[in-house]
1. Which one, 230, 137, 411, projects farthest toward the positive side of the charge dipole computed for the chain from Cβ point charges (K/R +1, D/E -1)?
2. Rounded to the nearest Å, what's the spacing between the alpha carbon centres of the range 167-236 and the range 344-400? Just the number, please.
3. In the chain, with Lys and Arg counted as +1 and Asp and Glu as -1 at Cβ, which of these residues, 324, 465, 592, has the Cα nearest the positive end of the dipole, that is, farthest along it?
4. Given a Förster radius of 56 Å and the C-beta distance between residue 407 and residue 149 as r, what FRET efficiency does 1/(1 + (r/R0)^6) yield to the nearest 0.05?
5. On alpha-carbon atoms, Rg over Rh for the range 299-494 using Kirkwood Rh?
6. At 0.36 nm per residue, and after removing the present C-alpha to C-alpha distance, how many nm does the segment from residue 288 to residue 71 gain when stretched out fully?
7. Based on DSSP H runs of at least 4 residues, each adding -39500 (n - 2.57), what is the mean residue ellipticity at 222 nm of the chain after dividing by all its residues, to the nearest 500 deg cm²/dmol?
8. Just need log10 I(q)/I(0) for the range 194-287 at q = 0.12, 0.19 Å⁻¹, Debye formula, equal scatterers on the alpha-carbon atoms, no solvent, rounded to two decimals.
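Nothing in this text is a laboratory measurement; each read-out follows from the coordinates by a stated rule. The shown structure was predicted, so the numbers you read here are calculated from the model rather than taken from an experiment. Every residue, glycine among them, receives a Cβ derived from its backbone with ideal geometry; neighbour counts consider all protein chains shown.
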Amino acid sequence: MRTQRHRAQICGVLCALFLLIITGACRPTPPDTTPTPEPTATPTIVPPTPTPAPAERLALAREAARLGELETAEGHYLALQEDPTLADTALWELGVLYEREERFLQASVVFQALLQRHPESPFAPYAHFRLGQRLAALGEYDAAVHHYLAYDAARDAADDAVALALARAYAALGRTEDAIAAYERRYRLADARGDRVQRALTARTLGDIYADLAMWDAAASWYRAALRDSRVPSFRATLIAAIANADLARGRLPLALHWWRTLIAEHGDTPEAFAALQALAEHGHPVAPLDECRVLALNGLWDAAVQTCWALLETDDIAEAHWWAAIAFKNAGNWQQAWREFDKIVQTHPESDLQDDALLEQARVDAAQGDTESAVAAYAQLATSDSPLAATALWESAHLLHSTSPERAATLYEALAQRFPNDTHAADALWSAGMLRYRLGETPTALADWERLAAYDGWQTQATFWQGKALAAMGDTDAARARWQTTAQSGFDFYVLRARDLLDSPPAPRTTRTLTSFTPAPDTPPPTTAAWERAEELRRLGLSEEARTAYLALFEELAQDAPDSLIAAATTLYAQGEYALSIAAARILMRTHGWTPETAPTDVARLAYPLPFAALLNDASRTYQLDPLLLAAVIYQESRWERRATSSAAARGLMQVIPATREWIAARLGEPTTDRDLYRVPVAVRFGAFYLNYVLQQFDDDVFAALAGYNGGPGNAARWHDPDPDLFVENITFAETRTYVEAVYTHWGAYRAVWGR
């Protein structure tokens with residue numbers, strides 16, 4: 001009774017709030033007095049503004065929502081609340097929009113109104129679930145269960161999702177039997193789908209519930225089921241520890257001892273292994289001192305590790321004890337003591353398998369202390385031996401000398417590639433050697449390095465492009481152009497585009513063109529499989545991450561077996577405004593069939609590289625004289641056209657402008673804004689275009705420097721300056737920024753190829 005009364009109170013508050021929203025949005029506030037109009041010399045007849053038809057108003061609402069213009073969309077949706085055919089659609093879409101904008105109270109109000117006014121609406125089950133999510137977040141689990149059950153009774157396309165929601169709510173309410181039943185249902189559903197990960201996670205949760213109830217047999221059984229499905233070492237360690245505790249609790253000490261020893265042997269770097277050390281000691285079965293030393297060192301207990309190792313060394317001078325003491329000292333930053341312990345292995349344990357490892361670690365310690373020559377000497381001792389670590393020593397030595405002694409570094413890189421052509425670092429070594437030689441003016445040697453590099457998979461276009469650069473520097477223009485011709489016909493990537501630039505002329509960032517809108521239309525309906533229905537259902541429930549996982553798995557399957565269905569799926573998602581998912585579907589199809597932006601069918605290429613906001617790009621490009629396709633390429637890399645994109649650095653919107661930059665731009669444009677305004681597409685495009693234009697102006701329209709400045713900051717871009725744009729890109733020391741520059745430039749080429757057809 002209390003629960004029903006409480007739920008009724010909540011509903012009443014929500015309805016009251018809903019009425020306030022409606023009246024505030026739809027009714028003007030009457031003035032205190034009626035103003036007297038000023039007389040005019042000539043009366044003017046103002047034609048009435050036509051009221052949009054309901055279908056037209058819904059289209060206006062959807063377009064405003066797509067652009068992030070919340071107030072406009074809200075007004076149109078609320079104006080439809082009494083329409084006999086569209087009211088439920090309007091309320092549903094308004095609630096989803098509020099949730100997307102993180103206005104959860106308003107969303108809850110609207111969903112509640114939808115359920116009260118249109119209980120038979122096809123949107124009602126989804127409103128129930130979303131309202132349940134909001135109530136659960138507020139701790140109102142009784143009410144949440146009511147809504148989850150209402151959804152569960154109406155729909156079955158995402159049973160596992162509602163089972164999890166119910167299980168968590170039941171658990172929070174202390175309804176343990178119901179929680180167990182819901183989790184077991186989720187486990188069965190995961191098992192039926194062959195979802196190993198969900199089986200493992202659900203089994204772990206069930207084990208925890210039974211452990212809390214001291215039902216140790218059941219707990220151990222579920223933990224073992226989770227362990228069978230788990231592949232992640234850290235997760236397996238937590239499961240083994242849980243099994244050990246369950247076995248101990250049910251009086252099976254020998255089994256617990258077995259599991260603790262397993263932790264120490266197989267997962268020594270985990271907190272569970274350290275706990276196992278203590279448990280074994282408490283039960284009179286301490287581990288060998290060397291194992292204790294290892295576990296302590298791997299768990300960051302440096303002092304304890306050293307003390308344990310040294311106590312062992314007082315009675316047994318073994319190399320492994322020196323090793324773990326050295327590792328503890330090294331990780332604690334005590335370089336000198338670490339070097340001494342490694343040296344004891346080198347000098348006094350010639351029989352140990354740790355000899356070469358200790359010498360390599362000595363070199364690393366010397367390098368960490370800034371003693372480059374000692375480090376190089378230690379590396380050389382390994383590099384000139386037949387040690388399996390010789391290639392690693394050559395690589396690390398060359399890397400150490402790369403900036404300070406480029407000629408010596410190049411020689412070491414070349415030695416690595418010559419002696420160990422199959423080593424994992426061989427191709428990188430040839431690339432680095434060639435670049436160092438090129439910068440030193442030793443272009444014939446650079447050319448030779450890059451010719452050898454071209455034999456390695458994945459390096460052909462990059463190596464052939466730079467062969468052309470070396471030949472051009474040597475004055476052999478014809479040979480250089482021949483290399484670039486080869487590169488230009490080698491698919492579609494950054495180096496292919498750069499080769500074409502050098503053969504013809506690079507694209508201009510100030511190119512003027514007008515983009516046209518494109519609305520893809522499917523030739524076939526989207527899939528009708530259970531997998532598609534489940535992904536769609538998860539999206540309607542607002543479970544974005546779960547939906548994305550389901551969609552991507554389906555895309556991989558359809559790309560090979562039913563490409564027409566995948567095109568239809570991508571088209572459907574595009575029409576729903578799910579641009580990132582639509583792009584993912586099209587790109588998976590392109591990858592599967594080996595298509596490039598130039599060779600893919602036009603409909604697929606345009607889905608892979610869409611222009612959802614062409615008119616806004618045209619406006620911004622005219623204002624700042626920018627190629628609108630360059631703007632599109634930046635948006636593509638920054639957000640995949642997702643207007644609500646937010647980065648870990650708080651960058652927001654289509655063009656990922658950070659708050660400080662937003663304030664700076666707003667001051668210059670005289671346009672007061674808030675950080676939330678960056679989620680409005682017109683603001684995002686306008687501010688991003690302003691900043692891209694600014695960095696282009698800073699670097700005399702050098703697109704590479706401008707893109708580096710957009711991502712890594714103009715100051716850093718200036719520091720990387722080189723008149724040769726290809727060397728500029730190589731100078732970029734931020735891996736993220738270099739990847740960004742190459743990616744945006746490639747996307748720009750893709751957009752020109754796709755939309756220039």
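1. 137
2. Each part reduced to its Cα centre gives a spacing of 48 Å.
3. Farthest towards the positive end: 592.
4. E(calc), rounded to 0.05, equals 0.15.
5. My calculation puts Rg/Rh at 1.15.
6. Going from the current span to full extension adds 71.2 nm.
7. -22500 deg cm²/dmol
8. Result of the Debye calculation: -0.34, -0.83.
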